[in-house]
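The values are calculated or read from the model by the stated rules, or taken from the named source; none is laboratory data. Computed from a prediction, not measured in an experiment: that's the story for all the values here. Every residue, glycine as well, gets a Cβ built from its backbone with ideal geometry; the counts of neighbours run over all protein chains shown. Ligands, DNA and RNA are excluded from the accessible area calculation, which covers all protein heavy atoms including side chains. Shrake-Rupley method; radii C 1.70, N 1.55, O 1.52, S 1.80 Å.
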Amino acid sequence: MNRRTVLAGALALTAGVALAGCSTGSDEPELKVVGAYLPQPVSDMAAGFLVVQNSGGAADRLTSVTSPLSDDVTIHETKNQQMREVESFEVPAGGELDLERGGNHIMFMDLKKQPKQGEKVSVELHFEKAGRITVDLPVKETTHNPKKQ
């Protein structure tokens, strides 16, 4: 073998390793939470809303939510004006999961305290692949709806 052939082979191998390294990063979900809030509750129940953005190349699933506000926190979907508890929500690759008023949401039952407007409620979102993400939900006025502003 001449030097040129050896050099070309080494460069090809290096490029292949570099490309393989790049592709593994895009095969993971890259999650970011935006627009989180909790309307001030008027009973011993509350609902939380947020958007999970996934800029990664793989989908993920929101499997549960925990919070010091309640020992009974579930995720619900709303279809045909009917609310029901679900096991998980998909967060598509390159897409988002939108938990919003009138739609899918986080439900807090048997609140341990009544959070007031201006306070923050901490929640931990549990994802199948990305693990746990802690988010503070600012408590807004009871009628707060960012989609209608």
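Tabulated data for the structure shown
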item: Members of region 114-145 that are assigned to a loop (DSSP other than H, G, I, E, B) and more than 26 Å from VAL42 (Cβ to Cβ); result: GLU128, LYS129, ALA130
item: Complete set of residues in region 57-78 that are surrounded by fewer than 20 Cβ atoms within 10 Å (Cβ to Cβ) and not in a strand (DSSP E or B); result: GLY57, ALA58, ALA59, PRO68, ASP71
item: Count - residues of region 25-45 that are of a type in the set (D, E, K, R), modelled with pLDDT of 95 or more and either crowded, with 18+ Cβ neighbours inside 10 Å or over 21 Å from GLU141 (Cα atoms) (or both); result: 2
item: Single unsatisfied condition, THR134 versus (1) touching a strand residue (DSSP E or B) at 6+ places or on another chain (Cβ under 6 Å); (2) among the hydroxyl-bearing types (Ser, Thr, Tyr); (3) in contact (Cβ under 8 Å) with a residue 40 or more places away in the chain; (4) open to solvent by 70 Å² or more (accessible area, probe 1.4 Å); result: (3)
item: Matching option when the condition is modelled with pLDDT of 95 or more, within 21 Å of THR142 (Cβ to Cβ) and out of contact with any Leu (no Cβ under 6 Å at 6 or more places or on another chain), among GLU124, GLU119, GLU85; result: GLU119
item: Given (1) open to solvent by 40 Å² or more (accessible area, probe 1.4 Å); (2) out of contact with any helix residue (DSSP H, G or I) (no Cβ under 9 Å at 6 or more places or on another chain); (3) within 19 Å of VAL123 (Cβ to Cβ); (4) not polar (S, T, N, Q), number of the condition ARG101 does not satisfy; result: (2)
